[in-house]
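The values are calculated or read from the model by the stated rules, or taken from the named source; none is laboratory data. Model, not experiment: these values are computed from the prediction. Don't worry about glycine lacking a Cβ; one is built from the backbone with ideal geometry, like all the others, and counts go over all protein chains shown.
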Amino acid sequence: LTHKCSEYMDPYYSKQYIYINDAQNKMYKINTQTFEQQQMIIMGQFNQMMIQTAVQLFDKENCFVIACQQMFYINPKQQLVQLCLQTDQSQVTQFEDCVYVSSFAEFIAVVTKKNSIYQTTLLSTDDQKIQEIRSFEGWFCFEGAANLLQVQSWIRASQNNGNFQYIDVLDSTFQVKSGIKTDNMFFTFFGPTYQKNIITNEQIQHQSNYLKKYEFESQNDIKTKKPVQFIIKELNEAVLIEELALKPKEATGKNFENALKKGYWKYIFKFPTKIIEQNKHLLDINMVDIVNNLFSLHHCPLEVIYIAIGNALENESSTLQAKELFVKAFQANKQLFKEQNQLKQLVKELKHQINEDQQQQTNQLLLNQLKNMEEQIQQIQQQLNQNTGKINLLDQNTNLNKSNIISLETQAGLK
């Protein structure tokens, strides 16, 4: 990058652009397709005239968020500004004395400070309007999920591994609840966190629906789209790899097991061989989860893992997709394996099973087609029978009418 990012800021992604600020509190956006970097320029009104101005923030840290294609940032006057990312037009909101802003999906939490007293206001937005939902005394902020953490209590919990207070914004009562900080970070849908015990399925579903609506449905110019959860998984894994490089002690048996369950194969490949050998029994224990997460196995050319998975997949109950993914991963890495004979035998057997499974699927497809044809023939036969019955009835009516006519003619002749 031509401008150094502030080490304290949180970048945001929206519609092929990454948004950052530098150490001078200036805003930039980076095109993820071309890597072109542009300073953020907005349209504003001055003396009843529309002018272009560069976006300047109040501070280096937590002074902007993106929600529903809208950016909300704190300007040098400590006002909260709403900026439409599609039109670059902005307007100053009614919030002043702002010091901090955070977000989750369509929710924004803005912190103000007046006379040394902090207050947090929870807002929600759609594509244009913002709605004020509730205000809370004190400093609260989002930390990945839909939970507003009470900052002072979180600082104490971080120091003493104690309790902290939070508010789940999807809970309509907005009740202040108590949570316990975990000793270590855990993998979650929202990434690594010390607050895994307060994340709910409702929060995961809400975030997934939000991303589908605002980040992927309207991106018709992107040729290849990945499922939302797959992209989030890739980002989470990238964070874990970076943390492992900075903190080698994170290569623990517990983290190895969690990575196996999630299919973080790039991350697993970064583990020391000694740790993997010491914990290889976890492969058999977690094999059900492992065979359901083989999409990126080719990123992990470790023989001990391939042998364990290959032996498990020989079981006839394994799915065709799992076998195909394993064989594909082996083909990508076979030159790196020392025990090729053992793995080759496993792959040979799996290929045989794949051919049989594919033949069974083909046979079943043909049987289903024949069954459908039989049903169609029966329906046609029933229709023919119904039509034949109608024709016979018409013939009977015709004959009856002829008899009536002859009878009438005879009676007329007698007269």
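Restricted to segment 167-192, and to residues that are over 30 Å from residue 244 (Cβ atoms) and in contact with a Ser or Thr (Cβ under 8 Å, 6 or more places away or on another chain), which residue is surrounded by the fewest Cβ atoms within 10 Å (Cβ to Cβ)? Looking at residues that are over 30 Å from residue 244 (Cβ atoms) and in contact with a Ser or Thr (Cβ under 8 Å, 6 or more places away or on another chain), I get 170.
Table: residues versus (1) among the acidic types (Asp, Glu); (2) farther than 28 Å from residue 121 by Cβ; (3) modelled with pLDDT of 80 or more; (4) buried (at least 16 other Cβ atoms within 10 Å of the Cβ).
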site: 12; (1), (2), (3), (4): no, no, yes, yes
site: 34; (1), (2), (3), (4): no, yes, yes, no
site: 37; (1), (2), (3), (4): no, yes, yes, no
site: 42; (1), (2), (3), (4): no, no, no, yes
site: 52; (1), (2), (3), (4): no, yes, no, no
site: 63; (1), (2), (3), (4): no, no, yes, yes
site: 68; (1), (2), (3), (4): no, no, yes, yes
site: 71; (1), (2), (3), (4): no, no, yes, yes
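A residue that is over 22 Å from residue 62 (Cα atoms), modelled with pLDDT under 85 and assigned to a strand (DSSP E or B) occurs nowhere in segment 171-180. Filtering segment 283-301 to residues that are surrounded by fewer than 20 Cβ atoms within 10 Å (Cβ to Cβ) and not charged (D, E, K, R) leaves 285, 286, 287, 288, 292, 293, 295, 296, 298, 299, 301.
Meeting the requirement of 3 or more residues that are at pLDDT below 90, within 15 Å of the chain's Cα centre (by Cα) and within 19 Å of residue 297 (Cα to Cα), the helices (runs of 4 or more DSSP H) wholly within segment 184-274 are 228-246. Pairs are defined by a Cβ separation below 8 Å, a sequence spacing of at least 6 or placement on different chains, a first member in segment 330-358 that is farther than 12 Å from residue 314 by Cβ, and a second member that is among the polar types (S, T, N, Q) and surrounded by 14 or more Cβ atoms within 10 Å (Cβ to Cβ); the pairs so defined are 334/340.
A quick yes/no check of all residues on (1) farther than 30 Å from residue 88 by Cβ; (2) aromatic (Phe, Trp, Tyr):
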| residue | (1), (2) |
| --- | --- |
| 106 | no, no |
| 111 | no, no |
| 118 | yes, yes |
| 137 | yes, no |
| 151 | yes, no |
| 180 | yes, no |
| 195 | yes, no |
| 203 | yes, no |
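Suppose we filter segment 240-262 for residues that are within 23 Å of residue 286 (Cα to Cα) and either in contact (Cβ under 8 Å) with a residue 12 or more places away in the chain or surrounded by 15 or more Cβ atoms within 10 Å (Cβ to Cβ) (or both); how many remain?
From segment 240-262, those within 23 Å of residue 286 (Cα to Cα) are 240-241, 244, 249-262; that's our starting set.
After this cut, where a residue has to be either in contact (Cβ under 8 Å) with a residue 12 or more places away in the chain or surrounded by 15 or more Cβ atoms within 10 Å (Cβ to Cβ) (or both) as well, the list is 240-241, 244, 250-262.
Going through segment 240-262 one residue at a time, the tally reaches 16.
Pairs meeting the criteria (first residue in segment 72-101 and of a type outside the set (S, T, N, Q), second residue exposed (fewer than 14 other Cβ atoms within 10 Å of the Cβ), beta carbons under 6 Å, at least 6 apart or on different chains) are 97/114.
Quick one: in segment 73-109, which of the residues that are acidic (Asp, Glu) and more than 25 Å from residue 168 (Cβ to Cβ) is surrounded by the fewest Cβ atoms within 10 Å (Cβ to Cβ)? Explain how you work it out, then say what you get.
So in segment 73-109, the residues acidic (Asp, Glu) come out as 88, 96-97, 106.
Now restrict to residues that are more than 25 Å from residue 168 (Cβ to Cβ): 88, 96-97.
Details: 88: 15, 96: 13, 97: 15.
Among those that are acidic (Asp, Glu) and more than 25 Å from residue 168 (Cβ to Cβ), it is 96.
If you go through segment 106-129 and keep only what is in contact with a strand residue (DSSP E or B) (Cβ under 7 Å, 6 or more places away or on another chain) and not polar (S, T, N, Q), you end up with 106, 107, 108, 109, 110, 111, 113, 118, 122, 123.
Being touching a residue at least 12 places away in the same chain (Cβ under 8 Å), touching a Phe, Trp or Tyr at 6+ places or on another chain (Cβ under 8 Å), among the acidic types (Asp, Glu) and under 30 Å from residue 105 (Cβ atoms) is a property that holds for residue 237.
Which of the following residues is assigned to a helix (DSSP H, G or I), closer than 25 Å to residue 266 by Cβ and basic (Lys, Arg): 371, 334, 348?
Numbers: 371 fails: closer than 25 Å to residue 266 by Cβ; 348 fails: closer than 25 Å to residue 266 by Cβ.
Every option except 334 fails the conditions.
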